[in-house]
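Asker: This is the structure I have questions about; it appears just below.
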Amino acid sequence: MIVEGQIHGGVAQGVGQALFEGAEYDENGQLTNASYMDYCMPRADDFPMFETGSQVTPCPHNPLGVKGAGEAGTIGSPPAVVNAVLDALWSGGHKVKDIRMPLTSERVWRAMQ
């Protein structure tokens, strides 16, 4: 259950990176979203329930055979989200080949124009 929770959290972090999270600076180089009031981070209620799967392979380099799993969801989720958005834009007739993260609604709208 702990590993499944870590994977869920990792997926949420990766999706957050793809859709919400980004440091924004003004023309003077001042960070404009330096507080959590201005910085959008994913929360549990931003996500539906989803199923995870894993393949257990003991680590041969320590006596317990254990290894970390928390970062697993963070690796594949950003490119999966970006590719899904690009596929949706392409199938909608918008020949967009690249878009910069985070994929805010404004960036997606501008890409469609």
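Please treat every number below as a calculation from the coordinates, not as lab data. Keep in mind that what you see is a predicted model, and the values were worked out from it rather than measured. With ideal geometry, Cβ positions are generated from the backbone for all residues, glycine too; neighbour counts draw on all protein chains shown.
Asker: Compute the distance from the alpha-carbon center of the stretch 32-63 to that of the stretch 1-24, in whole Å.
Answerer: After rounding, the separation between the Cα centres reads 3 Å.
Asker: While we're on this one: Size of the stretch 2-112 along its principal axes in angstrom, Cα-based, largest extent first?
Answerer: 53, 38, 27
Asker: Rounded to the nearest 500, what is the 222 nm mean residue ellipticity of the chain from helices alone, with -39500 (n - 2.57) per DSSP H run of 4+ residues and division by all residues? Could you put the intermediate results ahead of the total?
Answerer: Values: 3 runs with 46 residues, N = 113.
It lands at -13500 deg cm²/dmol.
Asker: Sticking with this structure for a sec: Hey, what do the phi angles of the stretch 48-65 turn into as Karplus ³J(HN,Hα) couplings, whole Hz, using 6.51/-1.76/1.60 and θ = phi - 60°, x for Gly and Pro?
Answerer: Rounded to whole hertz, the list is x, 5, 9, 9, 10, x, 8, 10, 7, 9, x, 6, x, 9, 9, x, 8, x.
Asker: Within the stretch 62-87, which residues have the backbone N less than 16 Å from the label spot 7 Å out from PHE47 along Cα→beta-carbon, could you tell me?
Answerer: 69-82, by backbone N distance to the label point.
Asker: Same structure again: What is the sum of charges around ALA23, taking Lys and Arg as +1, Asp and Glu as -1, for the other residues whose C-beta is under 14 Å from the C-beta of ALA23?
Answerer: Working: positive: ARG100; negative: GLU21, GLU24, ASP26, ASP38.
Around ALA23, the charge tally is -3.
Asker: Still on this structure, I have one more. Quick one: length gained pulling ALA23 to ARG107 fully straight, 0.36 nm per residue minus the C-alpha distance? The partial results should precede the final answer.
Answerer: Details: separation 84, 0.36 × 84 = 30.24 nm, distance 1.47 nm.
Between ALA23 and ARG107, full extension yields an extra 28.8 nm.
Asker: For the stretch 2-112, what is the charge dipole size about the Cα centre, in debye to the nearest 20, if Lys and Arg each add +1 at the Cβ and Asp and Glu each add -1 at the Cβ? Could you put the intermediate results ahead of the total?
Answerer: Numbers: 7 positive and 13 negative charges, 77 e Å.
Its charge dipole is roughly 380 debye.
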